[in-house]
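Asker: I have a structure I would like to understand better, so I am pasting it below and will then ask my questions one at a time.
The values are calculated or read from the model by the stated rules, or taken from the named source; none is laboratory data. In this text, all values refer to a predicted model and were calculated from it rather than measured experimentally. Using ideal geometry, Cβ is built from the backbone for each residue, glycine included, and neighbour counts are taken over all protein chains shown. Keep in mind that these areas ignore ligands, DNA and RNA; they rest on the heavy atoms of the full protein, side chains included. Shrake-Rupley method; radii C 1.70, N 1.55, O 1.52, S 1.80 Å.
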Amino acid sequence: MEYGQNEGVIILWIWIGIGLAVLITVFITVLALRYIRNIRKNKRKASLLIHKMQATYGENALYLQEKDRERLAGELHDNIISRLNLIRLNAHYRDMSELHLDLKHSMRLIREMSHHLTPPGLSETGPEELISDYLEQVKGNIGVQYYPLLYKRSRISDPVKLNLFRILQEVINNALKHADASVITVSLRISERYLVLTVEDDGRGLVPGYEKEASGIGMQSIRLRAEQIKARYRFRSRPQKGTRFSMIILL
């Protein structure tokens, strides 16, 4: 009788163990299925996010290309074509020396426009040299001071150099058109870990919050280009005290 009771207890514990094993297996299976489902859900979210980012980046690139084309068309019409047309109309009333100067000036404008479209030797040239070459052209319109300082020469990608160059152009163009400044000061600092660009002018200054509220092509271009190279920037300005633009890029 005792033996039969012990055998029943053993069988009972065996069944309890089997039941616990089944429960544990079911629990682990449910957790595994949830984990796999969450992974698939997160992969879909990540894929949608990447697709959205790619679409946004493509839209921004197309927007910048379109605005660059519009600006090029405007500069061709307002500067080059108008000047050449005046030269043609006045060719019979002016001497050769005056015509020579007009043509020389028109050639300089075309050369500047070409430089604006694609900086020469982008891959072989450092940002400090690109900026220096551009500022040499700006000097004919305003006083320019340039202070490059390289703590350590770093390898900077072409997209970063190009967008840095375009942003500098936008900032200086804004100063030339709207600031009524007499001097622009540009500083460039490059170390192993970061690049800092500052542009200051002694003009009339901006309205507070201008860079956040402005919807002009130039300000939108600065914002989009800064986003593309993960740069942080800000404008600081006071009425009649000039404007300071600063930007930092982690390398």
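Asker: Taking Tyr210, is it at pLDDT 90 or above and not hydrophobic (A, V, I, L, M, F, W, C)?
Answerer: Criteria not met by Tyr210.
Asker: Scan segment 27-47 and tell me whether some residue there is surrounded by 10 or more Cβ atoms within 10 Å (Cβ to Cβ) and at pLDDT below 75.
Answerer: Taking every residue of segment 27-47 in turn, at least one turns out to be surrounded by 10 or more Cβ atoms within 10 Å (Cβ to Cβ) and at pLDDT below 75.
Asker: Those residues that are open to solvent by less than 50 Å² (accessible area, probe 1.4 Å) and either outside any helix (DSSP H, G or I) or farther than 18 Å from Thr125 by Cβ (or both), I need them from segment 158-178; list them, please.
Answerer: Answer for segment 158-178, where residues must be open to solvent by less than 50 Å² (accessible area, probe 1.4 Å) and either outside any helix (DSSP H, G or I) or farther than 18 Å from Thr125 by Cβ (or both): Glu170, Val171, Ile172, Asn173, Asn174, Ala175.
Asker: Could you list, in sequence order, the residues of segment 135-157 that are under 13 Å from Val186 (Cα atoms) and either at pLDDT below 85 or open to solvent by 60 Å² or more (accessible area, probe 1.4 Å) (or both)? It would help to see each step written out before you state the result.
Answerer: Residues of segment 135-157 under 13 Å from Val186 (Cα atoms): 135-136, 138-139, 142-149.
Within segment 135-157, Glu136, Lys139, Gln145, Tyr147, Pro148, Leu149 meet the criteria.
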